[in-house]
Amino acid sequence: MRNNPTILVFDSGLGGLTVLREIVRTRPDAREIYVADDAYFPYGQHSEDEIIARVVPLIGDLIATHKPDLAVIACNTASTLVLSHLRAAYDVPFVGTVPAIKPACARSKTRRVSVLGTLGTVKREYTQALIRDFARDCEVKLVGSARLAALTEAALNGETISDGDILAEIAPCFVDGASRTDTVVLACTHYPLLLDRLVRLAPWPVEWIDPAPAIARRVADLLGPQRPDSSSHGDTRLIFTSGRQHPAAEALVHSFSQPVTAVA
Ligand code: DGL
């Protein structure tokens, strides 16, 4: 491994920046190549076969070009489908992002949990298996949102997104009754970017589970201790598959205290 490890962080768009933020905090020495496959966004609207056919060769190209020490698939919609294919095809350690059903069910006091993800993620067999294996005595409601990832991107692009539009997407998570929902899994990496608004718009307070800190800890474990001969500062390169420049994303990454280079 080189002195400063190189980490490929991949998402369909800007959502993976919520994972990148935690990785930068946990491993400030790392150099990240952040790739947003915005030319194919949103993944939640594509079929399983289309996503596999798109992502597996694309990651292969990125590995060949950037030679990362580790790759993070910072997208639930892709991870729940392609991780096994990637591990079979490429000799690089992969860390995925999958719905945090296990910790959510361990924490819920009312035993009523909702999982908010894309239409693709909530349909996956992978997600069903997590519920079978880890829900224990919890009632788990899967809530597929057709629009929330795109609304998040629009908000980051400076568009005004109404409270009503966001509330319509999250409202089905809130099940009332004798025991009401107390925990919502953010099963799409875009959603933590709207966390302030989700908290404000929630009909009652719940715990929102963002898996990013746990993913960053897993990355740090796999990389091993920081090498004494590494420089203490890493940097991030931002690449959009559409070839666009994205000043708002660059500013956001800069706010993680990371020098950022946009690559066209
Ligand atoms: N950020 C992605 C996820 O975690 C999904 C957004 C999309 O539909 O492309 O699922």
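Taking the stated definitions as given, is G177 away from the ligand (no atom under 15 Å from the Cβ) and either touching a His at 6+ places or on another chain (Cβ under 8 Å) or in a loop (DSSP other than H, G, I, E, B) (or both)? In short, yes.
To keep it simple, each residue is scored yes or no on (1) in a strand (DSSP E or B); (2) farther than 21 Å from T121 by Cβ; (3) of a type outside the set (S, T, Y); (4) out of contact with any strand residue (DSSP E or B) (no Cβ under 6 Å at 6 or more places or on another chain).
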{"site": "T181", "(1), (2), (3), (4)": "no, no, no, no"}
{"site": "V184", "(1), (2), (3), (4)": "yes, no, yes, no"}
{"site": "R197", "(1), (2), (3), (4)": "no, no, yes, yes"}
{"site": "W204", "(1), (2), (3), (4)": "no, yes, yes, yes"}
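Screening the stretch 119-132 for residues that are touching a Pro at 6+ places or on another chain (Cβ under 7 Å) and within 14 Å of the ligand (Cβ to nearest atom) and picking the one that is nearest to I52 (Cα to Cα) gives T121. Exactly one residue among A149, A135, A187 is hydrophobic (A, V, I, L, M, F, W, C), touching a His at 6+ places or on another chain (Cβ under 9 Å) and within 21 Å of G96 (Cα to Cα), and that residue is A149. In the set (1) within 22 Å of T236 (Cβ to Cβ); (2) assigned to a helix (DSSP H, G or I), P57 fails one condition alone, (1). Of all the numbered requirements in (1) in contact with a strand residue (DSSP E or B) (Cβ under 9 Å, 6 or more places away or on another chain); (2) among the small types (G, A, S); (3) over 26 Å from E153 (Cα atoms), G120 misses one, and that requirement is (3).
To keep it simple, each residue is scored yes or no on (1) at positive phi; (2) touching a helix residue (DSSP H, G or I) at 6+ places or on another chain (Cβ under 8 Å); (3) of a type in the set (F, W, Y).
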| site | (1), (2), (3) |
| --- | --- |
| A149 | no, yes, no |
| I170 | no, yes, no |
| D182 | no, no, no |
| R197 | no, yes, no |
| W208 | no, yes, yes |
| R227 | no, no, no |
| H246 | no, no, no |
| A249 | no, yes, no |
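Any residue that is within 18 Å of S242 (Cβ to Cβ), at pLDDT below 95 and assigned to a helix (DSSP H, G or I) - is there at least one of those in the stretch 13-26? Checked against the condition, which is being within 18 Å of S242 (Cβ to Cβ), at pLDDT below 95 and assigned to a helix (DSSP H, G or I), the stretch 13-26 yields no hits at all. Within the stretch 50-109, the set of residues being closer than 21 Å to T6 by Cα, away from the ligand (no atom under 16 Å from the Cβ) and hydroxyl-bearing (S, T, Y) comprises T65, Y90. The residues listed here are Y90, Y126; of these, the one that is more than 29 Å from R244 (Cα to Cα) and either touching a strand residue (DSSP E or B) at 6+ places or on another chain (Cβ under 6 Å) or not small (G, A, S) (or both) is Y126.
Set side by side, the residues S145, S179 differ, and just one is surrounded by 16 or more Cβ atoms within 10 Å (Cβ to Cβ) and among the polar types (S, T, N, Q), which is S145.
Yes or no: Y34 surrounded by 24 or more Cβ atoms within 10 Å (Cβ to Cβ), out of contact with any Gly (no Cβ under 6 Å at 6 or more places or on another chain) and hydroxyl-bearing (S, T, Y)?
yes
Can you confirm whether the stretch 225-247 contains a residue that is without any contact (Cβ under 8 Å) to a residue 24 or more places away in the chain and closer than 30 Å to K102 by Cβ? The answer is yes, given that some residue of the stretch 225-247 is without any contact (Cβ under 8 Å) to a residue 24 or more places away in the chain and closer than 30 Å to K102 by Cβ. If you go through the stretch 108-127 and keep only what is farther than 16 Å from A178 by Cβ, surrounded by fewer than 21 Cβ atoms within 10 Å (Cβ to Cβ) and in contact (Cβ under 8 Å) with a residue 24 or more places away in the chain, you end up with L119, Y126.
The values are calculated or read from the model by the stated rules, or taken from the named source; none is laboratory data. Keep in mind it's a predicted model, so treat the numbers as computed, not measured. Glycine gets a Cβ as well: all are built from the backbone with ideal geometry, and neighbour counts include every protein chain shown.
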